[in-house]
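J.: Here's a structure for you.
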Amino acid sequence: MKPVSNQLDMFGTPSPVEADRRRPRVRDTPAPVDEAEMVRRLSETGRYRILTKLPHPVIAVDRRPGFPRIGVIVDTETTGLSYRLHEVIEFGGVAFGFTDEGEIGDVLEVYGGLQQPKTPITSEITDLTGITNDMVSGQALDIGAIERLIRSADLIIAHNAAFDRPFCELISPVFCDVPWACSNAEIGWAARGFEGSKLGYLVGQSGFFHDGHRAVDDCVALLEVLKAPTQGEGVSPFAALYLASLLSKAKIWAQYSPFETKDTLKARGYRWSDGTDGQPKSWWIEVPQADLEAELSFLRTDIYQRADIDPIVRILSAVDRFKA
(Lines give C-alpha, C1' and ligand atoms only; values in the text may rest on other atoms or scores of the structure.)
Protein backbone atom coordinates (compact mmCIF):
# COMPACT_ATOMS: atom_id res chain seq x y z
CA MET A 1 0.00 0.00 0.00
CA LYS A 2 1.26 3.47 -0.95
CA PRO A 3 1.74 6.05 1.83
CA VAL A 4 -1.29 8.26 2.39
CA SER A 5 0.87 11.36 2.33
CA ASN A 6 1.58 10.82 -1.38
CA GLN A 7 -2.12 10.99 -2.37
CA LEU A 8 -3.57 14.24 -3.84
CA ASP A 9 -5.24 16.27 -1.12
CA MET A 10 -8.40 17.61 -2.79
CA PHE A 11 -9.16 19.92 0.11
CA GLY A 12 -5.70 21.15 0.94
CA THR A 13 -3.87 24.26 -0.18
CA PRO A 14 -2.86 23.88 -3.83
CA SER A 15 0.69 24.36 -4.90
CA PRO A 16 1.60 27.64 -6.69
CA VAL A 17 1.66 25.84 -10.03
CA GLU A 18 -1.72 24.19 -9.41
CA ALA A 19 -3.19 27.49 -8.19
CA ASP A 20 -2.08 29.24 -11.37
CA ARG A 21 -3.64 26.47 -13.45
CA ARG A 22 -6.98 26.82 -11.65
CA ARG A 23 -7.05 30.63 -11.77
CA PRO A 24 -9.65 31.90 -14.34
CA ARG A 25 -8.01 33.29 -17.41
CA VAL A 26 -8.85 36.94 -18.18
CA ARG A 27 -9.11 37.52 -21.92
CA ASP A 28 -7.40 40.56 -23.30
CA THR A 29 -9.94 43.23 -24.31
CA PRO A 30 -9.69 43.70 -28.07
CA ALA A 31 -8.87 47.16 -29.31
CA PRO A 32 -11.75 49.10 -30.90
CA VAL A 33 -12.16 48.31 -34.59
CA ASP A 34 -11.37 51.20 -36.93
CA GLU A 35 -13.74 50.38 -39.79
CA ALA A 36 -12.36 53.08 -42.06
CA GLU A 37 -8.84 51.72 -41.64
CA MET A 38 -10.03 48.17 -42.32
CA VAL A 39 -11.78 49.29 -45.50
CA ARG A 40 -8.71 51.22 -46.62
CA ARG A 41 -6.37 48.29 -46.08
CA LEU A 42 -8.64 45.76 -47.79
CA SER A 43 -9.25 48.06 -50.74
CA GLU A 44 -5.55 48.78 -51.21
CA THR A 45 -4.82 45.08 -51.68
CA GLY A 46 -6.83 45.07 -54.89
CA ARG A 47 -8.34 41.73 -53.89
CA TYR A 48 -11.47 43.06 -52.21
CA ARG A 49 -14.35 45.31 -53.16
CA ILE A 50 -16.20 46.88 -50.25
CA LEU A 51 -19.93 47.60 -50.49
CA THR A 52 -21.58 50.06 -48.10
CA LYS A 53 -25.15 49.66 -46.93
CA LEU A 54 -27.31 52.42 -48.32
CA PRO A 55 -28.04 55.07 -45.69
CA HIS A 56 -31.53 55.86 -44.49
CA PRO A 57 -32.65 59.14 -46.05
CA VAL A 58 -32.31 62.20 -43.83
CA ILE A 59 -35.22 64.53 -44.49
CA ALA A 60 -34.25 68.19 -44.46
CA VAL A 61 -36.02 70.23 -41.80
CA ASP A 62 -35.70 73.43 -43.82
CA ARG A 63 -35.47 73.46 -47.59
CA ARG A 64 -32.08 74.77 -48.69
CA PRO A 65 -32.13 77.76 -51.04
CA GLY A 66 -30.51 77.28 -54.41
CA PHE A 67 -32.36 74.06 -55.28
CA PRO A 68 -35.62 75.44 -56.68
CA ARG A 69 -36.89 72.35 -58.47
CA ILE A 70 -38.36 69.17 -57.02
CA GLY A 71 -37.93 65.67 -58.35
CA VAL A 72 -39.86 62.67 -57.05
CA ILE A 73 -38.57 59.13 -57.49
CA VAL A 74 -41.45 56.65 -57.46
CA ASP A 75 -41.71 52.88 -57.32
CA THR A 76 -44.60 50.44 -57.18
CA GLU A 77 -44.91 46.85 -56.08
CA THR A 78 -47.81 45.06 -57.74
CA THR A 79 -49.63 41.75 -57.91
CA GLY A 80 -48.40 41.17 -61.47
CA LEU A 81 -47.03 42.72 -64.65
CA SER A 82 -50.20 43.96 -66.37
CA TYR A 83 -51.80 47.21 -65.20
CA ARG A 84 -55.01 45.99 -66.87
CA LEU A 85 -55.17 42.82 -64.75
CA HIS A 86 -53.16 43.47 -61.60
CA GLU A 87 -53.08 45.91 -58.68
CA VAL A 88 -50.69 48.09 -56.72
CA ILE A 89 -49.85 46.68 -53.29
CA GLU A 90 -47.16 49.21 -52.35
CA PHE A 91 -46.22 52.72 -53.43
CA GLY A 92 -43.06 54.58 -52.49
CA GLY A 93 -41.99 58.14 -53.27
CA VAL A 94 -38.89 60.16 -52.36
CA ALA A 95 -38.89 63.90 -53.10
CA PHE A 96 -35.65 65.88 -53.41
CA GLY A 97 -34.54 69.32 -54.47
CA PHE A 98 -32.41 69.97 -57.54
CA THR A 99 -31.02 72.81 -59.65
CA ASP A 100 -31.62 73.72 -63.28
CA GLU A 101 -28.23 72.11 -64.01
CA GLY A 102 -29.32 68.81 -62.46
CA GLU A 103 -27.41 69.02 -59.16
CA ILE A 104 -29.27 67.10 -56.44
CA GLY A 105 -29.86 68.72 -53.06
CA ASP A 106 -31.66 67.51 -49.93
CA VAL A 107 -34.31 64.85 -49.47
CA LEU A 108 -37.53 66.78 -48.80
CA GLU A 109 -40.15 64.10 -48.17
CA VAL A 110 -40.57 60.33 -48.11
CA TYR A 111 -43.85 58.46 -48.50
CA GLY A 112 -44.39 54.72 -48.33
CA GLY A 113 -47.63 52.83 -48.02
CA LEU A 114 -49.23 49.43 -48.52
CA GLN A 115 -52.61 48.60 -50.03
CA GLN A 116 -54.76 45.50 -49.78
CA PRO A 117 -55.63 44.22 -53.28
CA LYS A 118 -58.98 42.77 -54.27
CA THR A 119 -57.34 39.39 -54.98
CA PRO A 120 -54.83 37.64 -52.69
CA ILE A 121 -51.10 38.11 -53.25
CA THR A 122 -49.58 34.97 -54.78
CA SER A 123 -46.62 33.17 -53.26
CA GLU A 124 -44.52 34.16 -56.28
CA ILE A 125 -45.12 37.86 -55.63
CA THR A 126 -44.42 37.41 -51.92
CA ASP A 127 -41.14 35.68 -52.76
CA LEU A 128 -40.21 38.56 -55.03
CA THR A 129 -41.28 41.51 -52.88
CA GLY A 130 -41.41 40.18 -49.33
CA ILE A 131 -44.98 41.52 -49.06
CA THR A 132 -47.50 39.08 -47.59
CA ASN A 133 -51.28 39.08 -47.41
CA ASP A 134 -51.07 39.65 -43.66
CA MET A 135 -48.97 42.78 -44.21
CA VAL A 136 -51.52 44.40 -46.53
CA SER A 137 -54.65 43.28 -44.67
CA GLY A 138 -56.77 46.37 -44.03
CA GLN A 139 -54.14 48.71 -45.51
CA ALA A 140 -54.89 51.54 -47.94
CA LEU A 141 -52.70 54.14 -49.61
CA ASP A 142 -53.04 57.74 -48.45
CA ILE A 143 -54.16 59.18 -51.77
CA GLY A 144 -54.20 62.75 -50.46
CA ALA A 145 -50.58 62.52 -49.30
CA ILE A 146 -49.51 60.99 -52.62
CA GLU A 147 -51.29 63.69 -54.63
CA ARG A 148 -49.66 66.48 -52.57
CA LEU A 149 -46.26 64.88 -53.17
CA ILE A 150 -46.76 64.59 -56.93
CA ARG A 151 -48.31 68.05 -57.42
CA SER A 152 -45.13 69.61 -56.06
CA ALA A 153 -42.92 67.83 -58.59
CA ASP A 154 -41.16 69.24 -61.64
CA LEU A 155 -40.19 65.72 -62.70
CA ILE A 156 -41.25 62.17 -61.80
CA ILE A 157 -38.53 59.52 -62.12
CA ALA A 158 -38.99 55.76 -62.22
CA HIS A 159 -36.47 53.09 -63.09
CA ASN A 160 -38.96 51.45 -65.43
CA ALA A 161 -41.37 54.24 -66.19
CA ALA A 162 -43.20 52.25 -68.87
CA PHE A 163 -44.18 49.82 -66.11
CA ASP A 164 -44.69 52.18 -63.17
CA ARG A 165 -46.54 55.03 -64.90
CA PRO A 166 -49.67 53.05 -65.89
CA PHE A 167 -49.92 51.60 -62.38
CA CYS A 168 -49.44 55.05 -60.83
CA GLU A 169 -52.20 56.45 -63.02
CA LEU A 170 -54.49 53.81 -61.51
CA ILE A 171 -53.68 55.25 -58.07
CA SER A 172 -54.60 58.82 -59.05
CA PRO A 173 -55.08 60.93 -62.19
CA VAL A 174 -52.53 63.39 -60.75
CA PHE A 175 -49.85 61.22 -62.39
CA CYS A 176 -51.30 61.81 -65.88
CA ASP A 177 -50.26 65.43 -66.39
CA VAL A 178 -46.73 65.61 -64.96
CA PRO A 179 -43.37 65.14 -66.73
CA TRP A 180 -41.87 61.65 -66.46
CA ALA A 181 -38.34 60.35 -66.95
CA CYS A 182 -37.03 56.79 -67.01
CA SER A 183 -33.63 56.21 -65.40
CA ASN A 184 -33.42 52.80 -67.11
CA ALA A 185 -34.17 53.77 -70.71
CA GLU A 186 -32.89 57.36 -70.82
CA ILE A 187 -29.40 57.08 -69.32
CA GLY A 188 -26.50 55.48 -71.17
CA TRP A 189 -25.31 53.28 -68.32
CA ALA A 190 -22.94 51.25 -70.50
CA ALA A 191 -21.04 54.40 -71.46
CA ARG A 192 -20.68 55.11 -67.76
CA GLY A 193 -18.96 51.80 -67.11
CA PHE A 194 -21.89 49.74 -65.84
CA GLU A 195 -22.40 46.11 -66.85
CA GLY A 196 -26.19 46.36 -66.87
CA SER A 197 -29.03 48.79 -66.25
CA LYS A 198 -30.98 46.79 -63.66
CA LEU A 199 -31.13 48.62 -60.35
CA GLY A 200 -29.27 45.82 -58.56
CA TYR A 201 -26.32 46.14 -60.98
CA LEU A 202 -26.25 49.92 -60.63
CA VAL A 203 -26.37 49.82 -56.83
CA GLY A 204 -23.62 47.21 -56.55
CA GLN A 205 -21.31 48.86 -59.05
CA SER A 206 -21.84 52.20 -57.28
CA GLY A 207 -20.42 50.64 -54.12
CA PHE A 208 -23.65 50.03 -52.20
CA PHE A 209 -26.01 47.24 -51.25
CA HIS A 210 -29.62 47.37 -50.12
CA ASP A 211 -32.70 45.26 -49.44
CA GLY A 212 -34.38 45.49 -52.82
CA HIS A 213 -37.96 45.06 -54.01
CA ARG A 214 -39.55 47.28 -51.37
CA ALA A 215 -40.79 50.53 -52.84
CA VAL A 216 -39.13 53.14 -50.61
CA ASP A 217 -35.87 51.17 -50.40
CA ASP A 218 -35.66 51.06 -54.20
CA CYS A 219 -36.39 54.81 -54.43
CA VAL A 220 -33.60 55.61 -51.97
CA ALA A 221 -31.23 53.29 -53.82
CA LEU A 222 -31.98 54.95 -57.16
CA LEU A 223 -31.42 58.42 -55.67
CA GLU A 224 -27.94 57.44 -54.52
CA VAL A 225 -27.11 55.97 -57.92
CA LEU A 226 -28.38 59.05 -59.78
CA LYS A 227 -26.21 61.48 -57.85
CA ALA A 228 -23.05 59.34 -57.74
CA PRO A 229 -20.21 60.33 -60.10
CA THR A 230 -19.53 57.83 -62.88
CA GLN A 231 -16.69 57.32 -65.31
CA GLY A 232 -16.66 58.49 -68.88
CA GLU A 233 -19.22 61.26 -68.59
CA GLY A 234 -18.94 64.89 -67.54
CA VAL A 235 -22.24 65.16 -65.69
CA SER A 236 -24.01 63.03 -63.10
CA PRO A 237 -26.58 60.46 -64.24
CA PHE A 238 -29.40 62.63 -62.92
CA ALA A 239 -28.14 65.75 -64.71
CA ALA A 240 -28.09 63.80 -67.97
CA LEU A 241 -31.58 62.44 -67.29
CA TYR A 242 -33.03 65.85 -66.47
CA LEU A 243 -31.54 67.47 -69.55
CA ALA A 244 -32.91 64.61 -71.69
CA SER A 245 -36.37 65.10 -70.19
CA LEU A 246 -36.47 68.67 -71.48
CA LEU A 247 -36.17 67.53 -75.10
CA SER A 248 -39.08 66.30 -77.18
CA LYS A 249 -38.76 62.83 -78.65
CA ALA A 250 -40.20 61.12 -81.68
CA LYS A 251 -41.78 57.70 -81.26
CA ILE A 252 -41.61 55.77 -84.53
CA TRP A 253 -43.42 52.53 -85.36
CA ALA A 254 -41.83 50.41 -88.09
CA GLN A 255 -45.19 48.87 -88.95
CA TYR A 256 -45.26 46.02 -91.49
CA SER A 257 -41.46 45.87 -91.57
CA PRO A 258 -40.15 42.72 -93.34
CA PHE A 259 -39.68 39.81 -90.93
CA GLU A 260 -36.07 39.25 -92.00
CA THR A 261 -35.15 42.77 -90.76
CA LYS A 262 -36.12 42.10 -87.15
CA ASP A 263 -32.54 41.50 -86.00
CA THR A 264 -31.39 44.72 -87.62
CA LEU A 265 -34.17 46.66 -85.90
CA LYS A 266 -33.47 45.03 -82.56
CA ALA A 267 -29.74 45.78 -82.81
CA ARG A 268 -30.55 49.44 -83.47
CA GLY A 269 -32.66 49.65 -80.28
CA TYR A 270 -36.17 48.97 -81.58
CA ARG A 271 -38.54 47.16 -79.24
CA TRP A 272 -41.48 44.91 -80.10
CA SER A 273 -45.08 45.84 -79.29
CA ASP A 274 -47.59 42.99 -79.52
CA GLY A 275 -50.49 45.42 -79.84
CA THR A 276 -52.20 44.44 -76.60
CA ASP A 277 -51.66 47.89 -75.07
CA GLY A 278 -53.52 49.71 -77.82
CA GLN A 279 -50.33 50.55 -79.74
CA PRO A 280 -49.60 49.31 -83.28
CA LYS A 281 -48.34 45.72 -83.48
CA SER A 282 -44.84 46.43 -84.70
CA TRP A 283 -41.27 47.32 -83.82
CA TRP A 284 -40.86 50.83 -82.40
CA ILE A 285 -38.22 53.22 -81.12
CA GLU A 286 -37.99 56.64 -79.46
CA VAL A 287 -35.33 59.06 -80.68
CA PRO A 288 -34.64 62.76 -80.02
CA GLN A 289 -36.82 64.85 -82.29
CA ALA A 290 -33.67 66.26 -83.90
CA ASP A 291 -32.79 62.73 -85.08
CA LEU A 292 -36.22 62.00 -86.61
CA GLU A 293 -35.30 62.55 -90.27
CA ALA A 294 -32.14 60.43 -89.94
CA GLU A 295 -34.18 57.57 -88.44
CA LEU A 296 -36.81 57.78 -91.15
CA SER A 297 -34.05 57.68 -93.76
CA PHE A 298 -32.65 54.52 -92.13
CA LEU A 299 -36.06 52.83 -92.26
CA ARG A 300 -36.68 53.74 -95.89
CA THR A 301 -33.19 52.74 -97.03
CA ASP A 302 -32.28 49.74 -94.86
CA ILE A 303 -35.61 48.27 -93.78
CA TYR A 304 -38.34 48.93 -96.35
CA GLN A 305 -36.02 49.82 -99.25
CA ARG A 306 -38.69 52.18 -100.50
CA ALA A 307 -38.62 55.97 -100.49
CA ASP A 308 -42.42 56.40 -100.32
CA ILE A 309 -42.85 54.76 -96.88
CA ASP A 310 -44.18 57.04 -94.13
CA PRO A 311 -43.99 55.23 -90.76
CA ILE A 312 -46.29 56.25 -87.93
CA VAL A 313 -44.62 59.02 -85.90
CA ARG A 314 -45.71 60.71 -82.69
CA ILE A 315 -43.88 63.65 -81.10
CA LEU A 316 -43.71 63.25 -77.32
CA SER A 317 -42.85 65.60 -74.47
CA ALA A 318 -41.93 64.33 -71.01
CA VAL A 319 -45.60 64.65 -70.05
CA ASP A 320 -46.58 62.25 -72.86
CA ARG A 321 -43.83 59.65 -72.55
CA PHE A 322 -44.28 56.21 -70.99
CA LYS A 323 -48.06 56.34 -71.06
CA ALA A 324 -49.84 53.04 -71.58
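Here's the yes/no breakdown for (1) over 27 Å from Gln205 (Cβ atoms); (2) at pLDDT 95 or above:
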position: Pro237; (1), (2): no, yes
position: Ile252; (1), (2): yes, yes
position: Pro258; (1), (2): yes, yes
position: Leu265; (1), (2): yes, yes
position: Gly269; (1), (2): no, no
position: Trp272; (1), (2): yes, no
position: Ser282; (1), (2): yes, yes
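J.: Output yes when any residue across segment 285-297 is surrounded by 13 or more Cβ atoms within 10 Å (Cβ to Cβ), touching an Asp or Glu at 6+ places or on another chain (Cβ under 8 Å) and either closer than 30 Å to Phe167 by Cβ or assigned by TED's automatic domain parsing to the domain that holds Ala161 (or both), and no when none is.
T.: Yes, segment 285-297 has at least one match.
J.: Sticking with this structure for a sec: Which of (1) at pLDDT 95 or above; (2) of a type in the set (Phe, Trp, Tyr); (3) buried (at least 17 other Cβ atoms within 10 Å of the Cβ) does Trp189 not meet, given it meets every other one?
T.: The single condition Trp189 does not satisfy is (1).
J.: Looking at (1) modelled with pLDDT under 85; (2) acidic (Asp, Glu); (3) under 30 Å from Asp154 (Cβ atoms), which is the only condition Glu18 fails?
T.: It fails just one condition, (3).
J.: Within the set of pairs 6 or more residues apart or between chains, which connect a residue that is closer than 20 Å to Arg165 by Cβ inside segment 131-150 to a residue that is part of a helix (DSSP H, G or I) and not charged (D, E, K, R) with Cβ atoms less than 8 Å apart?
T.: Partner pairs satisfying both residue conditions: Leu141/Ile171; Ile143/Ile171; Ile146/Ile171; Ile146/Val174; Glu147/Val174; Ile150/Val174; Ile150/Phe175.
J.: Please tell me if Glu103 is of a type outside the set (A, V, I, L, M) and closer than 16 Å to Ala158 by Cβ.
T.: no
J.: Please work out if Val33 is modelled with pLDDT of 65 or more, in contact with a Gly (Cβ under 7 Å, 6 or more places away or on another chain) and of a type in the set (A, V, I, L, M).
T.: no
J.: Quick check on segment 201-216: of everything there that is surrounded by fewer than 19 Cβ atoms within 10 Å (Cβ to Cβ) and at pLDDT 90 or above, which residue is nearest to the chain's Cα centre (by Cα)?
T.: Only one residue tops the list, namely Tyr201.
J.: Here's a follow-up. Go over the candidates Val220, Val178 one by one and state the one that is under 25 Å from Glu109 (Cα atoms) and surrounded by fewer than 19 Cβ atoms within 10 Å (Cβ to Cβ).
T.: Val178
J.: Applying the selection to segment 154-166, what residues are touching a strand residue (DSSP E or B) at 6+ places or on another chain (Cβ under 9 Å), more than 19 Å from Ala221 (Cβ to Cβ) and either surrounded by 22 or more Cβ atoms within 10 Å (Cβ to Cβ) or modelled with pLDDT of 95 or more (or both)?
T.: Asp154, Arg165
J.: Restricting attention to segment 94-128, which residues are outside any loop (DSSP other than H, G, I, E, B) and either more than 25 Å from Val72 (Cα to Cα) or not assigned by TED's automatic domain parsing to the domain that holds Ala221 (or both)?
T.: If the condition is that a residue be outside any loop (DSSP other than H, G, I, E, B) and either more than 25 Å from Val72 (Cα to Cα) or not assigned by TED's automatic domain parsing to the domain that holds Ala221 (or both), then Ser123, Glu124, Ile125, Thr126, Asp127 are the ones that fit.
J.: Moving on. Can you find, within segment 274-323, the residue that is nearest to Ser245 (Cα to Cα) among those that are among the small types (Gly, Ala, Ser) and under 24 Å from the mean Cα position of the chain (by Cα)?
T.: My answer is Ala318.
J.: Does Glu169 fit the bill of being in contact (Cβ under 8 Å) with a residue 12 or more places away in the chain, surrounded by fewer than 23 Cβ atoms within 10 Å (Cβ to Cβ), at negative phi and over 15 Å from the mean Cα position of the chain (by Cα)?
T.: Yes, satisfied.
J.: Follow-up question, since we're still on this one. Taking helices (runs of 4 or more DSSP H) that fall entirely within segment 214-324, which contain at least 3 residues that are in contact (Cβ under 8 Å) with a residue 24 or more places away in the chain and of a type outside the set (Lys, Arg)?
T.: Per the criteria, 215-227, 237-245, 292-298.
J.: Further, regarding this structure: Just to be sure I understand, how many residues within segment 274-298 are within 9 Å of Trp253 (Cα to Cα) and among the hydroxyl-bearing types (Ser, Thr, Tyr)?
T.: The number of residues fulfilling the criteria is 1.
J.: Regarding Thr45, is this residue surrounded by 10 or more Cβ atoms within 10 Å (Cβ to Cβ), at pLDDT 85 or above and more than 30 Å from Tyr242 (Cα to Cα)?
T.: Considered against the rule, which asks whether it is surrounded by 10 or more Cβ atoms within 10 Å (Cβ to Cβ), at pLDDT 85 or above and more than 30 Å from Tyr242 (Cα to Cα), Thr45 comes out as no.
J.: With Ile150, Ile131, Ile146 as the choices, which residue is under 21 Å from Gly80 (Cα atoms) and either modelled with pLDDT of 95 or more or assigned to a helix (DSSP H, G or I) (or both)?
T.: That would be Ile131, the only listed residue that is under 21 Å from Gly80 (Cα atoms) and either modelled with pLDDT of 95 or more or assigned to a helix (DSSP H, G or I) (or both).
The values are calculated or read from the model by the stated rules, or taken from the named source; none is laboratory data. Owing to the predicted nature of the structure, the values given are computational and were not obtained by experimental measurement. Quick reminder, even Gly has a Cβ in these numbers, built from the backbone with ideal geometry, and neighbours come from all protein chains shown.
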